[in-house]
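First comes the structure, then the notes that go with it.
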Amino acid sequence: MRRQLPFVLVFITGFFMIFQYFVPHEKSEFVYEFLLDWLTIIGAFALALGIWSLWRVSFDKIKFKKENWGYSVVTLFGLFAMIVFGFTAQVDGSWGVYFYTAEGLQNPLFRRFFDFILIPIQATMFSLLAFFIASAAYRAFRARSIIATLLLLAALIVMMRFNPFFGAWIETVANWLMNVPNLAAQRAIVIGLGLGMVATALKIILGVERGYMGQG
Amino acid sequence: MKYVLTLALLVLVFSASGFAQTPSAPGDSLVADSMILTPPAPVANLEVVDKPNDHGHATLLTWDLSPDDMSLEGGSKLVVGYEVFHWVPDFANRISTLRSEFNQLQGGAYPIQRDLPDAEAALEQVQSGITDLGALSLVPALPEDTAFVPTVGYLEQALRDTIAAMNAPQSDMDELRRSTREAYLAAIEQLPAEYAKYPEGGDWVNLGKVAAGGTAYEHTGAKDAFSGDYLPDYTDLYYRVDAVGLDPDYRAESDPYGPVQSKGQWYNTGRTTVLVSVAIFTLFTIMFVSQARKGKKLYVRPLAGIEAVDDAIGRATEMGKPILYVLGLGAASDIATIASFTILTRVAKRVAEYQTQLIVPTYDPIVMTIAQEVVKSAYMDAGRADDFNQDIVYFVTQSQFAYVAAVNGTMLRELPATNVYMGKFYAESLILAETGALAGSIQIAGTDEIAQIPFFVVACDYTLIGEELYAASAYLGGEPILLGSLKAQDYAKALFVICAIVGFVTLIGYSATGSESWLWFKDLFHVAD
């Protein structure tokens with residue numbers, strides 16, 4: 001029973017999700033929105049579990065002085081500092097704890113941590129992409145075989161298409177490459193993906209595929 | 001002096017001619033008056049129906065253009081657009097007031113005792129003659145109508161009410177909120193009866209405008225009874241469309257149309273093609289799965305990426321290094337993440353058997369919870385339950401690039417022998433895969449995000465492209481039932497190819513002949529929103 005109940009629940013909710021796609025009625029929408037609300041509620045509880053997981057893993061590293069434990073100290077400091085600053089604010093000259101208003105987010109330290117530390121760090125990580133694209137392109141476009149050479153040529157044409165030095169022909173060829181062979185391949189993948197999704201969903205709803213529950 | 005006399009003479013002549021022309025003016029003014037006074041021709045054949053294939057609370061208006069529409073040849077061309085009107089009973093004002101009161105009690109305007117000093121100060125300001133809302137230390141709740149300008153008396157009374165509410169016990173406020181809500185819901189129930197009184201006790205309300213040449217309007221109301229746009233279902237509704245010129249007074253009303261009722265449908269006819277396709281595909285799946293159950297041998301072509309998984313785990317075992325499994329940024333409800341769970345099951349089972357270390361950093365807490373259960377079950381199935389440690393799967397953060405930083409740090413510090421990326425990936429795909437390549441790990445990736453596939457192809461040793469990710473669990477397990485579903489996918493793809501060829505031929509036929517009868521096949525695949 002302990003193993004069967006989840007599959008019964010999956011069958012019922014999965015079948016309902018198919019049903020509601022074809023039934024636009026308000027009652028069908030009500031149940032659909034009710035289920036989505038549950039997803040939000042579960043997400044809120046799961047976030048608490050996630051924070052607990054992060055705390056435990058980091059705390060263990062610090063406690064047992066594991067390799068690179070200093071990073072865990074920074075992680076936990078960041079986690080708790082943002083929580084504390086997010087819930088405290090100075091309103092009408094006095095500091096207080098605000099659990100239910102947006103005033104906590106007006107805390108100047110919270111804003112400064114967010115605007116001047118978190119956002120620049122994220123932007124830095126994202127900017128690494130530019131360098132990685134260059135190294136990946138170098139690796140991809142090495143002409144080691146006929147097919148790789150064709151790829152190199154196609155890439156060169158697409159990259160040079162906005163260069164006025166080559167005239168209009170290069171843009172025509174590049175557009176053809178993008179709109180015909182490239183788009184055809186993409187559509188083939190999309191059709192395959194669509195069928196794969198439906199097949200996976202059916203397998204899950206019918207209980208054929210059980211791997212996602214650690215069984216199989 | 002001569003020029004002055006000449007100028008005076010000219011002025012006299014023009015003045016005289018001006019007076020002389022006055023008698024002929026009535027002719028011109030008649031023309032002008034006729035242009036202003038003759039109304040344009042109204043729209044014809046106004047029809048209103050319930051909007052099909054929706055949840056209700058919406059109607060669809062269609063009409064024939066006024067002959068004076070500026071987009072038509074002939075006619076006066078003076079009609080520049082149309083205004084759509086909806087008859088609303090006066091009772092709707094009562095509902096609006098109740099809604100405003102309820103929202104004030106329920107929402108941000110809910111008076112709280114903390115603001116009592118501000119409210120008292122505001123009352124003093126108003127009593128001293130200040131009515132500028134921006135200058136008041138506290139603005140009381142005002143009606144929803146933005147054009148409403150409160151008087152000193154209104155503001156004074158509103159602030160007195162607010163202060164009284166602030167001083168009232170919480171239980172009184174709760175009771176007031178409950179009774180207001182009940183009164184509002186009772187009024188909503190009475191609404192259909194009030195609409196049925198048409199045309200007594202109500203007025204036409206302008207819903208919107210349609211530019212010249214337009215012949216349709218969709219009146220979509222809200223289904224939430226507490227919304228200002230609420231449009232009741234199963235209620236007699238009446239509509240009118242005015243043909244309007246540049247001068248808003250220059251208009252012609254159509255005959256009112258009604259009653260018409262909106263209601264929700266139990267089947268979306270625009271999605272029949274999807275239903276048929278799903279039915280065919282389900283039949284294929286059931287057919288091949290039952291064949292597989294009966295023992296029929298099904299051939300599926302091997303996938304290098306899948307076959308590499310076992311080798312990669314073996315390599316990690318030999319090297320004594322961990323395996324890093326990344327589930328991507330998808331939610332637990334994404335098919336790619338679900339497919340990734342099934343692959344994680346197989347990987348975790350092998351890892352448990354070989355007693356290798358597994359690291360699973362996660363982005364989503366729900367995904368983390370499920371992945372922990374998946375890995376735990378896999379360890380139990382492998383008979384290594386004691387080796388399972390909950391910290392194998394851990395939560396990092398829900399910030400995309402912070403997650404990337406954490407995973408990259410793990411890669412560079414732990415130097416895993418194998419990195420497996422399966423699931424949904426976005427801009428972080430190349431950053432992860434290139435860092436893994438720098439760390440010297442064997443990398444296997446699979447995603448259904450088309451834009452990220454090239455990055456994985458370039459930076460990883462093996463890549464599962466698109467649907468191969470979904471097929472991976474069937475390949476890894478090698479179970480006949482799962483392989484049967486793969487066969488069904490292949491046959492469905494063949495059917496799609498046939499349909500594409502037929503569609504191609506029919507569209508060529510349409511291009512060659514111009515006959516719309518060739519479009520029937522294309523229209524067959526039209527799916528409504």
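The values are calculated or read from the model by the stated rules, or taken from the named source; none is laboratory data. These numbers come from a predicted model, not from an experiment. All Cβ positions, glycine included, derive from the backbone under ideal geometry; neighbour counts span all protein chains shown. Protein only, heavy atoms only, side chains kept; ligands, DNA and RNA dropped before computing areas. Shrake-Rupley method; radii C 1.70, N 1.55, O 1.52, S 1.80 Å.
List the number of the failed condition for B:V309; all other conditions in (1) touching a strand residue (DSSP E or B) at 6+ places or on another chain (Cβ under 9 Å); (2) part of a helix (DSSP H, G or I); (3) at the interface with chain A (Cβ under 8 Å from one of its Cβ atoms) hold.
Of (1) touching a strand residue (DSSP E or B) at 6+ places or on another chain (Cβ under 9 Å); (2) part of a helix (DSSP H, G or I); (3) at the interface with chain A (Cβ under 8 Å from one of its Cβ atoms), only one is false for B:V309: (3).
Read through the list (1) within 11 Å of chain B (Cβ to nearest Cβ); (2) surrounded by fewer than 16 Cβ atoms within 10 Å (Cβ to Cβ), then give the number of the only condition that A:D37 fails.
(1)
If B:A216 satisfies all but one of (1) open to solvent by 40 Å² or more (accessible area, probe 1.4 Å); (2) out of contact with any Pro (no Cβ under 8 Å at 6 or more places or on another chain); (3) farther than 21 Å from B:W63 by Cβ, what's the number of the condition it fails?
In the conditions (1) open to solvent by 40 Å² or more (accessible area, probe 1.4 Å); (2) out of contact with any Pro (no Cβ under 8 Å at 6 or more places or on another chain); (3) farther than 21 Å from B:W63 by Cβ, B:A216 misses (3) alone.
Across region A:76-95, what is the total count of residues that are open to solvent by less than 60 Å² (accessible area, probe 1.4 Å), in a helix (DSSP H, G or I) and farther than 12 Å from A:F113 by Cα?
Adding up the residues that qualify gives 1.
Consider region B:202-226. How many of its residues are within 14 Å of chain A (Cβ to nearest Cβ) and more than 30 Å from B:D69 (Cα to Cα)? I'd like the intermediate steps shown before the answer.
To start, the set of residues in region B:202-226 that are within 14 Å of chain A (Cβ to nearest Cβ) comprises B:220-225.
Right, trim to more than 30 Å from B:D69 (Cα to Cα) and you get B:222-225.
Result for region B:202-226: 4.
Take the residues in region B:270-296 that are closer than 14 Å to B:D490 by Cα and more than 10 Å from chain A (Cβ to nearest Cβ), then tell me which one is least open to solvent (accessible area, probe 1.4 Å).
Result: B:F288.
Considering only region B:436-450, I want to know if a residue exists there that is under 30 Å from the mean Cα position of the chain (by Cα) and facing chain A (nearest Cβ under 7 Å).
Kept after step one, since they are under 30 Å from the mean Cα position of the chain (by Cα), are these residues of region B:436-450: B:446-450.
Subset that is facing chain A (nearest Cβ under 7 Å): B:448, B:450.
Looking through region B:436-450, at least one residue is under 30 Å from the mean Cα position of the chain (by Cα) and facing chain A (nearest Cβ under 7 Å).
Check B:I338, B:I392 and return the single one that is under 27 Å from A:S72 (Cβ atoms) and either open to solvent by less than 40 Å² (accessible area, probe 1.4 Å) or of a type in the set (S, T, Y) (or both).
On the way: B:I338 fails: under 27 Å from A:S72 (Cβ atoms).
When all the criteria are applied, what remains is B:I392.
Hey, any hits in region B:251-264 for a residue that's in contact with a Ser or Thr (Cβ under 8 Å, 6 or more places away or on another chain), more than 30 Å from B:L464 (Cβ to Cβ) and either within 11 Å of chain A (Cβ to nearest Cβ) or polar (S, T, N, Q) (or both)?
Start the filter on region B:251-264 by keeping residues that are in contact with a Ser or Thr (Cβ under 8 Å, 6 or more places away or on another chain), which leaves B:252, B:260-262.
Applying the additional criterion that residues be more than 30 Å from B:L464 (Cβ to Cβ) yields B:252, B:260-262.
Checking which are either within 11 Å of chain A (Cβ to nearest Cβ) or polar (S, T, N, Q) (or both) leaves us with B:261-262.
Yes: region B:251-264 contains one or more residues that are in contact with a Ser or Thr (Cβ under 8 Å, 6 or more places away or on another chain), more than 30 Å from B:L464 (Cβ to Cβ) and either within 11 Å of chain A (Cβ to nearest Cβ) or polar (S, T, N, Q) (or both).
Show me the helices (runs of 4 or more DSSP H) found entirely inside region A:121-216 where at least 1 residues are at the interface with chain B (Cβ under 9 Å from one of its Cβ atoms) and open to solvent by 70 Å² or more (accessible area, probe 1.4 Å). Before the answer, list the steps.
Working: elements: A:146-159, A:168-177, A:183-205.
Here the list reads A:183-205.
Output the number of the condition that B:Y239 fails; it satisfies all remaining conditions of (1) part of a loop (DSSP other than H, G, I, E, B); (2) more than 11 Å from chain A (Cβ to nearest Cβ).
(1)
Say whether the condition of being within 10 Å of chain B (Cβ to nearest Cβ), touching a residue at least 40 places away in the same chain (Cβ under 8 Å) and surrounded by 11 or more Cβ atoms within 10 Å (Cβ to Cβ) is met by at least one residue in region A:53-68.
No, every residue in region A:53-68 fails to be within 10 Å of chain B (Cβ to nearest Cβ), touching a residue at least 40 places away in the same chain (Cβ under 8 Å) and surrounded by 11 or more Cβ atoms within 10 Å (Cβ to Cβ).
Among the listed residues B:Y267, B:Y299, which satisfies the condition of being open to solvent by 40 Å² or more (accessible area, probe 1.4 Å) and within 10 Å of chain A (Cβ to nearest Cβ)? Explain how you work it out, then say what you get.
Working: B:Y299 fails: within 10 Å of chain A (Cβ to nearest Cβ).
From the options B:Y267, B:Y299, the qualifying one is B:Y267.
Looking for whichever is part of a loop (DSSP other than H, G, I, E, B) and open to solvent by 10 Å² or more (accessible area, probe 1.4 Å) here; the options are B:T397, B:T410. Which one fits?
Working: B:T410 fails: part of a loop (DSSP other than H, G, I, E, B).
Answer to the check: B:T397.
Report, by residue number, each residue of region B:43-71 that is open to solvent by 60 Å² or more (accessible area, probe 1.4 Å) and of a type outside the set (S, T, Y).
B:N45, B:E47, B:V49, B:P52, B:D64, B:P67, B:M70
Given (1) in a helix (DSSP H, G or I); (2) facing chain A (nearest Cβ under 9 Å); (3) open to solvent by 50 Å² or more (accessible area, probe 1.4 Å); (4) among the hydroxyl-bearing types (S, T, Y), identify the lone condition not met by B:T317.
(2)
Could you list, in sequence order, all residues of region B:489-529 that are among the charged types (D, E, K, R), within 14 Å of another protein chain (Cβ to nearest Cβ) and open to solvent by 80 Å² or more (accessible area, probe 1.4 Å)?
Just the residues of region B:489-529 that are among the charged types (D, E, K, R), to begin with: B:490, B:493, B:516, B:522-523, B:529.
The next check asks that each one be within 14 Å of another protein chain (Cβ to nearest Cβ); those that pass are B:490, B:493, B:529.
Selection gives B:D529 alone.
Scan region B:233-243 and tell me whether some residue there is among the charged types (D, E, K, R) and surrounded by fewer than 15 Cβ atoms within 10 Å (Cβ to Cβ). Spell out the reasoning first.
Here is the first cut: in region B:233-243, the ones among the charged types (D, E, K, R) are B:233, B:236, B:240, B:242.
Right, trim to surrounded by fewer than 15 Cβ atoms within 10 Å (Cβ to Cβ) and you get none.
Scanning region B:233-243 turns up no residue that is among the charged types (D, E, K, R) and surrounded by fewer than 15 Cβ atoms within 10 Å (Cβ to Cβ).
What's the number of the condition B:L327 fails, among (1) of a type outside the set (F, W, Y); (2) touching a residue at least 60 places away in the same chain (Cβ under 8 Å); (3) open to solvent by 10 Å² or more (accessible area, probe 1.4 Å)?
Checking B:L327 against (1) of a type outside the set (F, W, Y); (2) touching a residue at least 60 places away in the same chain (Cβ under 8 Å); (3) open to solvent by 10 Å² or more (accessible area, probe 1.4 Å), the one that fails is (3).
Taking the residues in region B:457-471 that are of a type outside the set (D, E) and at the interface with another protein chain (Cβ under 10 Å from one of its Cβ atoms) as candidates, determine which candidate is surrounded by the most Cβ atoms within 10 Å (Cβ to Cβ).
Kept after step one, since they are of a type outside the set (D, E), are these residues of region B:457-471: B:457-460, B:462-466, B:469-471.
Those left that are additionally at the interface with another protein chain (Cβ under 10 Å from one of its Cβ atoms): B:457-459, B:465-466, B:469-471.
On the way: B:V457: 15, B:V458: 21, B:A459: 26, B:I465: 21, B:G466: 25, B:L469: 27, B:Y470: 32, B:A471: 25.
Filtering region B:457-471 for residues that are of a type outside the set (D, E) and at the interface with another protein chain (Cβ under 10 Å from one of its Cβ atoms), the one surrounded by the most Cβ atoms within 10 Å (Cβ to Cβ) comes out as B:Y470.
Mind counting the residues in region B:451-479 that are among the aromatic types (F, W, Y) and either within 25 Å of A:A155 (Cβ to Cβ) or free of Cβ contacts under 8 Å to residues at least 12 places away in the same chain (or both)?
Our first condition is that a residue be among the aromatic types (F, W, Y); within region B:451-479, this holds for B:455-456, B:462, B:470, B:475.
Going one step further and asking which of them are either within 25 Å of A:A155 (Cβ to Cβ) or free of Cβ contacts under 8 Å to residues at least 12 places away in the same chain (or both), we end up with B:455-456, B:462.
Of the residues in that region, 3 qualify.
Out of (1) surrounded by fewer than 21 Cβ atoms within 10 Å (Cβ to Cβ); (2) at the interface with chain A (Cβ under 9 Å from one of its Cβ atoms); (3) modelled with pLDDT of 90 or more, the odd one out for B:G477 is which?
Unmet for B:G477, out of (1) surrounded by fewer than 21 Cβ atoms within 10 Å (Cβ to Cβ); (2) at the interface with chain A (Cβ under 9 Å from one of its Cβ atoms); (3) modelled with pLDDT of 90 or more: (3).
Any idea which residue in region B:346-389 is surrounded by the most Cβ atoms within 10 Å (Cβ to Cβ), counting only those that are more than 9 Å from chain A (Cβ to nearest Cβ) and of a type in the set (G, A, S)?
Across region B:346-389, the extreme among qualifying residues is B:A371.
Given the criteria at pLDDT 90 or above, surrounded by fewer than 14 Cβ atoms within 10 Å (Cβ to Cβ) and touching an Asp or Glu at 6+ places or on another chain (Cβ under 6 Å), does B:A222 qualify?
Details: at pLDDT 90 or above: yes; surrounded by fewer than 14 Cβ atoms within 10 Å (Cβ to Cβ): yes; touching an Asp or Glu at 6+ places or on another chain (Cβ under 6 Å): yes.
Answer is yes for this residue.
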